[in-house]
Each structure stands twice: as structure tokens, then as C-alpha cells.
Amino acid sequence: MAHKLPEFRYGDTSNIKPHKADAKLLERLHSRVNFKPPGPETDRIAYFKRRLLEEFDSNRNVKLAVETCVHCGACLTVCPTYITTGDIKNSPVGRAELIRAIIKGEKPSGKIFGKAVNALRKFDENYLEMLYTYYWQCLLCRKCATYCPFGVDQATLTRTVRSILYEIGMASRFVVTTIDNMERTGNNMALTPAAIKNILDFVIKEIKEEKGVEIKVKVDQPAYALFLPSSADFFMNIETLKGHLLFMHAIGMDYTVSTKALEVANFGLFLDPRHLRYIGEIYVSAARELGVKLAVFCECGHGWHAFKNYVVPRLREYGIEGVHIFHLVVDAIKGGKIKLNPEANGDIVYMYQDPDYYARGGDLTEEPRFIMNHVVKKWIDPEYSRGKTWCCGGQGGMLADEMLPLAIQYSRLWYEDAIRHGAQWVVRPCSICKAQLSHVVPHLNKMYGKDLKYSGLMDLVYRALVV
Amino acid sequence: MNIAYLILYGYVPYAVMLIFIVGIVYRLVRWLTPKGLTGLYNVNATVNGDDYGKITLEILKRIFLFYTLPDTDNTLFIGSLLFHWGIWIALIGHLGIIIPSKYLESWFGISPSLHHVIALYVGGTAGTIALVGLLILITRRITGRTVTIKLVNEYKVRIPLTMLSFLDDYFAVAILLAIIALGLAQTLGITPTHPTYIDEISNWMWSLVTLHPNVSYIVADPLLQVHALLAMIFIAYFPWSKMMHPFSFIYISPTVARPSIKIKVRSVQR
């Protein structure tokens, strides 16, 4: 790595924050969603305050977070960012308090009682920078929302605050670049159509060699289904991609990939709702253009959340359905359409760990378990399963290189949960999880003296599929 | 009887009730009118397939069992469970003070002697439970806690509640503590030896209910007067504070938060 990474200090993570996107890059993003940023003469503090108060008045999540929290601290013992760092500002209630203080400062009670009710007196550039730092350390994993007795969801507050920060030119370079790639090329990795076809040819050849079957993949052609893999599957998770393709072949699905939408991720979720929708519309346009009746979404946690809750309702407006590939796998197993041999995945002890957004708002917890039962001989359901799952530590923009010291810390929880139960292989069917694991597992294996391996779930389906 | 006393216990209670009801309605309207939800609407983190049955069960489990708390901090769980159940039972018991004994007997078949037994034992127990729960919560708030999460390593998670507690948090617990303590003092300290004590209070309260306030019944009951005064302050304060937290459940309701999108696998043809 070219730059020296900031050192992790327990109890104070104020030194770790993502690099900021430059004005030119932001300008490109703004123009796509027709956002006119405040001019250089604008007082950023006043702008932030005004926008926050607008959100407070118009956004239920912000209202709920500010007005009902009784400061019980239930979120503190479940939040991976706080448990592993011990910095109270890097916790759900601590983060929310940074915002409450600003809002309190504008309310009568804050004006009368001031500091006693934690009303902020001096909102300056330093405070703004602190907001940027701590709001970009949040994983948006929603574990706090699950445990908070009232369901206060810090993730939605984080998204709101990040969106306002984005408006005043403060946004993670990594996330903005990724969004720009997606909006420009239809995938996060900025793969060109030629590269996509080349990689597909290579993968098809490998499948032929390994499984002895010739599969055909339509590219940009009309079909019954639009297949949406992660562009990272074309680089890092080739085994996952093979699993997707072989399975689609095995069930005889007439499907196509689109070079305009070769992605599952939606980093708009981490930055700004306008970009979430913009990216969502890329999927909708691709599906309509190719005249499909179905969109099949592959492994990605946060992407599934955005897809299921934004894209699927939009697709339905045009008579198109959307499913996760796991739904199809379960359906195929139940209907006896595919044959799986768990022996193919060996005697390894696997552990299935839920990606955050499958479990917390994604309604996708039992399907992968059903598949696990059919593709491996031995697997462990972790103690922290389903809604209790630990985030991989890479979500919400934490995949940025400069965030690695924190990402390693955040990862220790799921990692320790795996090794203490004797798991040798962790299955996390999510593109961000897999990218994060590729970053941190080498460090963690070294730290703990283990040799934990990881993969997606379709990788295992690939090996187990008898064709 | 001076005029201030008459106003305080004869007329202020109406103003307090008005503030309470109007305040709650106002706050709920303010909570419900905003339509803008961040990007993905209000997709609940907690419930998969959030149909009405599951959501109702989820809300009831949260309200009555505090079921998410045992995994976080048992002190918070036990304190909350005791405190809330204690005050709910005690609040229901207050109906027996509002309604005069003659009506209790004719409407519900509760004789005065039975009422006294219930008030003393059930009310006394509920009040004690609430007090113990509240003391646990206050101690936790003042002293902070450290919870250990055991994985391979032990993660000591500090819960520094003093850093996160402000005037409004302290005000709420302080006034509740005083109200509960005074209520208990009357239930356990006065009613066993003064069988007519409950009747004096219910005569006063019933006079308020029937819109003929008569404050002479409680003129010699200083404990009750302070208890009622604090309760009125609390009730008037309720809608304007985070005491509104019980109503946060409307946000989980599918009537407000959009029900989850169901994936239709059966519709897939191949």
C-alpha cells in the first residue's frame, strides 16, 4: 500500500476516516441526479444545520432516533463498531447523540437548558469533520435497530447524515468512485462489454473442463430472465460465478446477462438515496430493454436489501418479477430438478454466517440454510445467527484501503465466533463479505494462528452439483 | 380552604389531562405526517416477512417481554422488566382508587374488604417491583456497567451511561422515583391502619370524574397531595418528552412502515 495506514487505538478511533472524493468526481455524481450543490460561498455549517432540521421534520427515521431514545445503552453491547473499538462516538447512541446535540441546540429546551440537555453550543468545521469521521465508521449493519427496544435504526440515520455531508462535498472517495463506476458502466468494477465476454468465455471453458458440460450464456439478448451477478464475481469470486452459471444451466433457465447492468451492489445505499434510486433504475432499464419477465439477483447482502425493497416493486410496475438465486435453488432442490452431492465439498466443517441485509430486512435467512443442508456434509449454524449476525466488517464503505485498520477490528467478532466453534470454512454469500474477507482473513489468520477459509454459497453449489 | 389549593387539586387536573391527550395526539401527528423515509422506506430490521400477525407478535414481545434485552445487558433487562410490569399493574390498580367502592362492588363485585386486600398486597407488590426495577435502572445509569462478550477473546464493553444521560433523563427517573416511593408509602404505610384512606381519595377523584371537583376529601392527606402533584407534573410532561417512547411502536406497524415486499418464487416459469 502506498500510504501508511493510520494506527488503530482502542478507545479513540478519531484518526481513521475515509479519503474524501474530490470536487470533480462529486460534480459528476451530482449532475446525474440533477443535484445543484451549494456554491463555494455557502456557509457549510449553516447548510448542514438547515438540512438536518429539514430531515428531522420530514424523515420518520430521524424523528424516531432523536425523539424516542431513552439512552438505555442496549445498542452498545451489540454494535460491532463499539464492541471492538471502545470509542463511544463510534457507537449507535454515541453517533446519534452527535446529531441530537445539533438539533437540541435549535429547540426551546436546548436554548433554555443548554449543555444540561446536551445542546450543542459551538458547531464548527471541526465538529463537521468529526461527524464525517464517525458517520463513515458506521457499518450500517442494523444490529442496533434489531436490539433497540424501539427499533431506532442508526443505519438510516447514518444514511441521512452521509447524504447531507455528500451535499456539502464530504464523501468517501472509495464509495463515490464505486458509484461513479456503476453509474457510468453498469458495474462497480468498470468492466467493459468486451472484458465481460472474455471472462465469461474463460469461465465457460473452466466449467467445461471441470464439469464436462457446455453451457451457453446469452449476452445482451432477449431472454426470459435477466441474470444479475456481482462484477466482483468476474474478478475475485470466480467460483461463485461458476456456481451461478452452472445452476442456471442445470435448471434450463433461458437467461441473459446485460453488459449495462452486471452488478448486484448498490452503493447508493451507503451514500445517498438519490444514487440508490439511480442505480436501481439501471437494473429496471436493463430488464425492460431485454424484455425479460424475471430478474435473478445473485450473492450480495446490502444489494439484496436495495433490490428487494426498491427494485422489485419498480420491476413489478412493468410486470417483471425479481428473485434471489437462492429462491431458485431451493425451488429446484424441492422440485427434484437438480442433484447435489455433498461429498464433493469434502469433510470440511463449514459455518454459515448471515450477511447483515439478508437477515435484517432482507427476509433471506432460511433459504441459504436449506441449501447448506444439501451441499455440505457438516456445517455449523453460528450462535450469532440470523438477526444476531455479526457484520463482516466491510460494509458501508469500510472496504476502502485506508479503513483497513478498523475493518480488521470489526471483523474479529464473526471470525472468533467461527474459530471457537471449530469452523474451518466460513460461508458468507455476499459480495462485500467476500471482498472484506479477502482483505482481512490473511491478517486475522496470522493474528489467531489459524487457517480459516471462506467462500460464497454458490461456490459450494457448484462443487456439489451433479450434471 | 384556600383558593390556590382548590385550583391545584380541583381544576389543574383537567388542564393536565387536556395537555396529556392533546400533547400525545400532537406528537403522534408530528411523527406520522413526515413521509420521507431514507431511501428504502421504513423496512423493518427486525421482522422478516412482516405481515400483520408477525408484526403484532413482535410488538407485543417487545412491550411485554423486552425480549431483545437479555442478549445485551441483563441488568437493563431485569430492571426494565420489573419497573414496567410494576407500574402497569400499579396503574391498573389506580382504577380502584378512581372508582368509588360502592361502584366497585355493584359493577365488578369487588367488596370493600376485598378491594383493600388487593390494594395492599397486589398494589404493594407491584409498587415494590416497580421501585426495585427503577432503582436497578438508576444505579445502572449512575454507575455505568461493563458487559463482557465472550468469543475467543473477552470483549469488555463499557456502558458509560453518565456520558449519555442528560437533564431530561435524570428528571424522568427522579420524578418517577418520587411518585412510586410516595405511592408505596401510602399503600404500605397508611392504608393498613386507615381503612377509609382509599375512600377519601376515590371520593376526590370521582368528584373530578363527575366534573364536580371537591377537594375537601384530601385536605388532610399531605402524602397524597405531593404524590398527586408530582403525578400531574409527570403527566403534563409526558407528551413533550421521550416518555413518549411506548408509542414508537407505531413505526413498526405495517400500517405506517410499508409491509415487506414478498418474493414470489412460484410465479417463476422455466
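The values are calculated or read from the model by the stated rules, or taken from the named source; none is laboratory data. If you're wondering where the values come from, they're calculated on a predicted model, not measured in any experiment. Neighbour counts run over all protein chains shown; Cβ positions are idealised from the backbone, glycine included.
Does A:Y350 satisfy the condition of being modelled with pLDDT of 95 or more, outside any helix (DSSP H, G or I) and under 30 Å from A:E183 (Cα atoms)? For A:Y350, the condition - modelled with pLDDT of 95 or more, outside any helix (DSSP H, G or I) and under 30 Å from A:E183 (Cα atoms) - is not met. So, of the residues in the stretch A:228-263 that are within 18 Å of A:Y462 (Cβ to Cβ), of a type in the set (S, T, N, Q) and in a loop (DSSP other than H, G, I, E, B), which turns out to be nearest to the other protein chains (Cβ to nearest Cβ)? Among those that are within 18 Å of A:Y462 (Cβ to Cβ), of a type in the set (S, T, N, Q) and in a loop (DSSP other than H, G, I, E, B), it is A:S230.
Among the residues examined, A:E321 does not qualify as charged (D, E, K, R), in contact with a Phe, Trp or Tyr (Cβ under 9 Å, 6 or more places away or on another chain) and touching a residue at least 24 places away in the same chain (Cβ under 8 Å). The set of residues in the stretch A:34-62 being not in a loop (DSSP other than H, G, I, E, B) and not hydrophobic (A, V, I, L, M, F, W, C) consists of A:R44, A:Y47, A:K49, A:R50, A:R51, A:E54, A:E55, A:D57, A:S58, A:N59, A:R60, A:N61. From the list A:V441, A:V376, the lone residue that is among the hydrophobic types (A, V, I, L, M, F, W, C), in contact with a helix residue (DSSP H, G or I) (Cβ under 7 Å, 6 or more places away or on another chain) and at pLDDT 95 or above is A:V376.
Of a type in the set (V, I, T), in contact (Cβ under 8 Å) with a residue 40 or more places away in the chain and in a strand (DSSP E or B) - does that describe any residue in the stretch A:424-439? Yes, there is a match, as at least one residue in the stretch A:424-439 is of a type in the set (V, I, T), in contact (Cβ under 8 Å) with a residue 40 or more places away in the chain and in a strand (DSSP E or B).
Say whether the condition of being at pLDDT 95 or above and assigned to a loop (DSSP other than H, G, I, E, B) is met by at least one residue in the stretch A:402-420. Within the stretch A:402-420, none of the residues are at pLDDT 95 or above and assigned to a loop (DSSP other than H, G, I, E, B).
For the stretch A:297-309, the set of residues classified as under 15 Å from A:E263 (Cβ atoms) and at the interface with another protein chain (Cβ under 9 Å from one of its Cβ atoms) consists of A:H305, A:A306, listed by residue number.
You will find that of A:I88, A:I99, A:I45, A:I103, the residue that is crowded, with 18+ Cβ neighbours inside 10 Å, more than 21 Å from B:S248 (Cβ to Cβ) and either of a type in the set (A, V, I, L, M, F, W, C) or modelled with pLDDT under 95 (or both) is A:I88 and no other. Restricting attention to the stretch A:77-126, the residues that are within 7 Å of another protein chain (Cβ to nearest Cβ) and outside any helix (DSSP H, G or I) total 4. Among the residues of the stretch B:206-263, write down those that are assigned to a loop (DSSP other than H, G, I, E, B) and either away from chain A (no Cβ under 14 Å) or at pLDDT 90 or above (or both). B:T210, B:L211, B:H212, B:P213, B:N214, B:V219, B:A220, B:D221, B:S241, listed by residue number. If you go through the stretch A:151-171 and keep only what is crowded, with 24+ Cβ neighbours inside 10 Å and assigned to a loop (DSSP other than H, G, I, E, B), you end up with A:G151, A:V152, A:D153, A:A171. For the condition in contact (Cβ under 8 Å) with a residue 60 or more places away in the chain and either within 13 Å of chain A (Cβ to nearest Cβ) or out of contact with any Asp or Glu (no Cβ under 8 Å at 6 or more places or on another chain) (or both), B:G123 qualifies. For the stretch A:186-206, the set of residues classified as in a helix (DSSP H, G or I) and either within 14 Å of chain B (Cβ to nearest Cβ) or surrounded by fewer than 21 Cβ atoms within 10 Å (Cβ to Cβ) (or both) consists of A:P193, A:A194, A:A195, A:K197, A:N198, A:I199, A:L200, A:D201, A:F202, A:I204, A:K205, A:E206, listed by residue number. Would you call A:I348 surrounded by fewer than 24 Cβ atoms within 10 Å (Cβ to Cβ), closer than 20 Å to A:Q436 by Cα and more than 16 Å from the chain's Cα centre (by Cα)? The answer is no for A:I348.
None of A:L76, A:L25, A:L53, A:L64 is over 24 Å from B:N153 (Cβ atoms), at pLDDT 95 or above, within 25 Å of the chain's Cα centre (by Cα) and among the hydrophobic types (A, V, I, L, M, F, W, C) except A:L25.
A quick yes/no check of all residues on (1) at the interface with chain A (Cβ under 8 Å from one of its Cβ atoms); (2) modelled with pLDDT of 95 or more; (3) crowded, with 18+ Cβ neighbours inside 10 Å:
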site: B:E154; (1), (2), (3): no, yes, no
site: B:V157; (1), (2), (3): yes, yes, yes
site: B:M163; (1), (2), (3): yes, no, no
site: B:D168; (1), (2), (3): yes, no, yes
site: B:V173; (1), (2), (3): no, yes, yes
site: B:L177; (1), (2), (3): no, yes, no
site: B:L182; (1), (2), (3): no, yes, yes
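Can you pull out every residue in the stretch A:310-348 that is facing chain B (nearest Cβ under 9 Å) and among the acidic types (D, E)? Scanning the stretch A:310-348 gives A:E321, A:D331. Taking the stretch A:218-245 as the range and being β-branched (V, I, T) and more than 27 Å from the chain's Cα centre (by Cα) as the test, no residue passes.
Applying the set (1) within 20 Å of the chain's Cα centre (by Cα); (2) within 14 Å of chain B (Cβ to nearest Cβ); (3) of a type in the set (F, W, Y); (4) over 30 Å from A:D272 (Cβ atoms) to A:Y448 leaves exactly one unmet item: (1).
For B:V226, the stated conditions do not hold, so it cannot be described as farther than 30 Å from A:S109 by Cα and β-branched (V, I, T).
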